[in-house]
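> The structure that follows is given in the form of structure tokens.
None of the figures in this text is laboratory data; all of them are computed from the coordinates on show. Everything numeric here is computed off the predicted structure, so don't read it as measured data. Every residue, glycine among them, receives a Cβ derived from its backbone with ideal geometry; neighbour counts consider all protein chains shown.
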Amino acid sequence: TFVVTDNCIKCKYTDCVAVCPVDAFFEGPNFLVIDPAICIDCDLCVAECPAEAIYQDTKLPPEQLKFLELNAQLCQEWPNIIDIKPAPADADKWNGVDDKLALLER
Ligand code: SF4
Ligand code: F3S
């Protein structure tokens, strides 16, 4: 499965949802996650993310491993998102800021 990681937090560009052939993305207030039970490992979303926040589970950097469980958990709580929407006005300001997990809204 593919996994959305830290740099999506407060960026949430949503370009990823436009290319996903199986609608595997779920939306929280300031972060998106992928449902591992839906993702078919097509790899299309990785190149679409302006924040480079999406990794294959087998290629996750060690400090992003916690996002594997977070994606699996939060996709059960959040609604499906199938259409691209405008990013937060300050998304570019947060792109590249390290370790935003404390800012994740549930
Ligand atoms: Fe969707 Fe493919 Fe990305 Fe999985 S890898 S979330 S199926 S676009
Ligand atoms: Fe997040 Fe990148 Fe999608 S910032 S919403 S994973 S395009």
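> Report the local net charge at residue 98: Lys and Arg +1, Asp and Glu -1, summed over other residues whose C-beta lies under 10 Å from its C-beta.
Every neighbour counted, the sum reads -2.
> Taking the Cα centre of the range 2-87 as origin, sum charge times position over the Cβ atoms of Lys and Arg (+1) and Asp and Glu (-1), and report the length of that vector in debye to the nearest 20.
200 debye
> State whether the range 44-88 is rounded, prolate or oblate according to the following rule on the C-alpha gyration tensor (a ≥ b ≥ c being the square roots of its eigenvalues): a/c under 1.5 gives rounded; otherwise a/b larger than b/c gives prolate, and the remaining case gives oblate.
Since a/c reaches 1.5 but b/c is at least a/b, the shape of the range 44-88 is classed as oblate.
> Next question, about the same structure. Residue-wise, which Karplus ³J(HN,Hα) couplings in Hz belong to the range 53-61, taking 6.51 cos²θ - 1.76 cosθ + 1.60, θ = phi - 60°, and x for glycine or proline?
My calculation for the range 53-61 gives 9, 10, 10, 5, 4, 6, 10, 5, x Hz in order.
> Something else: Taking 0.36 nm per residue of separation and subtracting the Cα-Cα distance, what length does fully extending residue 83 through residue 47 add? Please report the intermediate quantities before stating the final value.
Working: separation 36, 0.36 × 36 = 12.96 nm, distance 1.74 nm.
My answer for the length gained is 11.2 nm.
> Read phi for every residue in the range 83-99 and hand back ³J(HN,Hα) as whole Hz from Karplus 6.51 cos²θ - 1.76 cosθ + 1.60, θ = phi - 60°, with x for Gly and Pro.
Whole-Hz 3J(HN,Hα) from phi for the range 83-99: 10, 5, 9, x, 6, x, 4, 9, 4, 5, 5, 8, 5, x, 6, 6, 6.
> Would you compute the Debye intensity of the chain from its alpha-carbon atoms alone, equal scatterers and no solvent, and pass along log10 I(q)/I(0) at q = 0.10, 0.11 Å⁻¹ to two decimals?
Values, matching the q order: -0.22, -0.27.
> Still on this structure: How much net charge surrounds residue 84 when only other residues with a Cβ under 15 Å from its Cβ are counted (Lys, Arg +1; Asp, Glu -1)?
Within the 15 Å Cβ shell, the charges total -3.
> Apply the Karplus parameterisation 6.51 cos²θ - 1.76 cosθ + 1.60, with θ equal to phi minus 60°, to every residue of the range 17-25 and state each ³J(HN,Hα) to the nearest whole Hz, in sequence, with x for glycine and proline.
5, 5, 9, 5, x, 10, 6, 8, 9
> Something else: How would 15, 43 line up from fewest to most surrounding beta-carbon atoms within 10 angstrom?
By the 10 Å Cβ count, ascending: 43, 15.
> With the crude spin-label approximation of a point 7 Å out along Cα→Cβ, what separation in nm comes out for residue 101 versus residue 60?
Each label point lies 7 Å from its Cα, and together they span 1.0 nm.
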